[in-house]
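*Asks:* This is the structure, below, for whatever I ask next.
The values are calculated or read from the model by the stated rules, or taken from the named source; none is laboratory data. This one's a predicted model, so the numbers in the text were calculated from it and none came from an experiment. Counting neighbours? That spans all protein chains shown, and the Cβs are built from the backbone with ideal geometry, glycine included. Accessible surface is based on the protein model in full, side chains and every heavy atom, while ligands, DNA and RNA are left aside. Shrake-Rupley method; radii C 1.70, N 1.55, O 1.52, S 1.80 Å.
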Amino acid sequence: MSDNPHLDETKLHQPDLAALGAPLRATHKPRILLLHGSLRKTSYSRLANEEAARILQQLGCETRVFDPSGLPLPDDAEADHPKVQELRDLVTWSEGMVWCSPERHGSMTGIMKAQIDWIPLSLGAVRPTQGKTLAVMQVSGGSQSFNAVNQMRVLGRWMRCLTIPNQSSVAKAFLEFDGDGRMKPSAYYNRIVDVMEELVKFTLLTRDLKAHLTDRYSERVESAERLSQRVNQKAI
């Protein structure tokens, strides 16, 4: 006898071990979107993302880097603004993301936050970020800090992303890139490689299972309640 009187057992699904243990099915290149949080001509968050994109391509991924220049502030334009549509289309296209922000005043930049704020939790019946993988990185002008990546982890969880355990924080970023915008060999570079390797592995492991991993009891119950209200209504 169940000891959970409030539980609708007909809507409770056991983990599907066959699905979880199934071999990888999708054969296309993992699709990764990279967002950066600075508009400066020499943007170290952009340069770090470009370096990450090269690593991801070496690991067999297809990458897109979104340019936030021209993106309006949230609520200062309609959702059909071209830059908003570009961002949302890229998020829908992606299977995983990289968010890289400078740390400014002890937090991520407003430019980074504005991009995330323009990504809705749902677009009609589609939840564009739910179940997709996410890696977070930051660059700093001074000593190493983790304020921005910690904040982005909170946002990643709020957006229902699968945020991977590893992360990167590059201190004194102005010293870590050469005149051509390429990252110099260092422990910071190696850490970005670590993060990208992990992101690709988690993306490959989860992209075929996204629907199963994000199937929620509360949503199944809610759907059943709506159905019951519709079929039992006395008048239309």
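*Asks:* Ordering Trp158, Trp99 from largest to smallest accessible area (1.4 angstrom probe), what's the sequence?
*Replies:* The ranking, largest first, comes out as Trp158, Trp99.
*Asks:* Mind checking which lysines have their C-alpha under 27 Å from Lys29, skipping anything on the same chain fewer than 8 residues away?
*Replies:* Straight-distance partners of Lys29: Lys83, Lys132, Lys201, Lys210.
*Asks:* Heavy atoms only, probe 1.4 angstrom, no DNA, RNA or ligands counted: give me Lys83, Lys172 ranked by accessible area, highest first.
*Replies:* Lys172, Lys83
*Asks:* Moving on to the next point. Considering all projection directions equally, how large on average is the shadow of the alpha-carbon convex hull of region 93-173, in square nanometres?
*Replies:* Over all viewing directions, region 93-173 projects a mean Cα-hull area of 5.2 nm².
*Asks:* Expressed as a fraction of 2.2 N^0.38 Å, the rule-of-thumb size for a compact globular protein of N residues, what is the C-alpha radius of gyration of the chain?
*Replies:* 1.17
*Asks:* Averaged per residue, what accessible surface does the chain expose to a 1.4 Å probe, in Å²?
*Replies:* Value for the chain: 56 Å² per residue.
*Asks:* If the cut-off is 13 Å between C-alpha atoms, which aspartates and glutamates fall inside it for Lys184, apart from same-chain ones fewer than 8 positions away?
*Replies:* Hits, sequence-local ones excluded: Glu51, Glu176.
*Asks:* Could you grab the relative contact order for region 1-76? Cα pairs under 8 Å, six or more apart, rounded to a whole percent.
*Replies:* Worked out over region 1-76, it gives 31 percent.
*Asks:* Compute the FRET efficiency between Glu9 and His212 as 1/(1 + (r/R0)^6), taking r as their Cβ-Cβ distance and R0 = 30 Å, and round to the nearest 0.05.
*Replies:* 0.95
*Asks:* Report, to two decimal places, the Cα Rg of region 23-91 normalised by 2.2 N^0.38 Å (N = number of residues).
*Replies:* Scaled against compact globular proteins, the figure is 1.32.
*Asks:* Also: Normalised by the residues of region 124-178, what does the relative contact order come to in percent, with Cα pairs under 8 Å and at least six apart?
*Replies:* 48 percent
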